[in-house]
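*Asks:* Below: one structure in structure tokens.
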Amino acid sequence: MGLLTEILLLPVAPVRGTLWVAEQLRREAERQACDPRWVQARLAALNRDLDDGLIDEAAFEAEEERLLARLDRPVHGGRPPHGGAR
């Protein structure tokens, strides 16, 4: 970008910065949510909730299905998959 463009976009720099930070937070949250260790911990907590009577069988099954689906999603974190060009 040229100097004139940078000067004209200067007033929206805080908005662009905020959007960038929000995007980074979203990516990190998604990466962590698909981490198998997090999913296993959440499944264990879900089982405890079912055993303690805090949730019913239908809620347990719906949440379990959602969590297991997270394990099936590929997470690349912006990197090419194995074997891809860098």
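*Asks:* Using the Karplus curve 6.51 cos²θ - 1.76 cosθ + 1.60 with θ = phi - 60°, work out ³J(HN,Hα) for each residue of segment 29-44 in order, rounded to whole Hz, and write x for Gly and Pro.
*Replies:* Going residue by residue, I get 4, 5, 4, 5, 5, 9, 5, x, 5, 5, 5, 4, 5, 5, 5, 5 Hz, with x marking Gly and Pro.
*Asks:* Based on Cβ point charges of +1 for Lys and Arg and -1 for Asp and Glu, what charge dipole magnitude is obtained for segment 1-48 about its Cα centre, in debye rounded to the nearest 20?
*Replies:* Dipole magnitude for segment 1-48 comes out near 340 debye.
Each reported figure results from applying straightforward, stated rules to the coordinates on display, with no laboratory input. Because the structure is predicted, anything quoted here is derived from the model rather than measured. Quick reminder, even Gly has a Cβ in these numbers, built from the backbone with ideal geometry, and neighbours come from all protein chains shown.
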